[in-house]
1. Can you say what percent of the DSSP beta bridges in the chain, counting only those with both residues inside, are antiparallel? Round to 5.
2. Taking 0.36 nm per residue of sequence separation and subtracting the Cα-Cα distance, how much length would be gained by fully extending the chain between Ser46 and Asp69, in nm to one decimal?
3. How high is the relative contact order of region 2-96, in percent, counting Cα pairs under 8 Å that sit 6 or more residues apart?
4. Grab the DSSP H runs of the chain that are 4 residues or longer, score each as -39,500 (n - 2.57), total them, divide by all residues and round the 222 nm result to the nearest 500 deg cm²/dmol.
5. Kindly write out, for region 51-58 in residue order, the coupling ³J(HN,Hα) from the Karplus curve 6.51 cos²θ - 1.76 cosθ + 1.60 (θ = phi - 60°), rounded to whole Hz, with x marking Gly and Pro.
6. Along Cα→Cβ, 7 Å out, is where each label goes; now give me the distance between the ones at Ala7 and Ala60 in nm to one decimal.
7. How many nm separate the modelled label positions at Arg99 and Asn77, each set 7 Å beyond the Cα in the direction of the Cβ?
Amino acid sequence: MAKYGRAGGFEEIAKTALATRTWADAYGHALVASGFIEAMTDPIVSRWDISAMELIVNEAGGACSRFDDSDPLKPDNNGRYEMVSSNGLVHQELLEYFR
């Protein structure tokens, strides 16, 4: 998180979250889609790890975006991908932590 400038936002989330932990890329987003967790953040990820998960989370009623609320399936200027997925209810609040 720190390497990609996301540590400050994550530290703020950790202050209010019941629990925080890490999961493998696709698995964490699958947990969001299934309702087991509220959100997953991936500051650097491969497109193949999120392509299907973006569709699955959205179809399950959740939300997916980059940290700036843009399309997670479009790379940044350096060719990197990132994705934030959530149950949809906390998505905008979650993104505020990273602005």
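Nothing in this text is a laboratory measurement; each read-out follows from the coordinates by a stated rule. Keep in mind the model is a prediction, meaning the values are calculated, not measured. So basically every Cβ, Gly included, is an ideal-geometry build from the backbone, and we count neighbours across all protein chains shown.
1. The antiparallel proportion sits near 100 percent.
2. 6.5 nm
3. On the way: 132 pairs, mean separation 27.3, N = 95.
It rounds to 29 percent for region 2-96.
4. The helix-only estimate for the chain comes to -11500 deg cm²/dmol at 222 nm.
5. Each residue's phi maps through the Karplus curve to give 4, 6, 5, 4, 5, 5, 4, 4 Hz.
6. Roughly 3.0 nm, to one decimal.
7. 2.1
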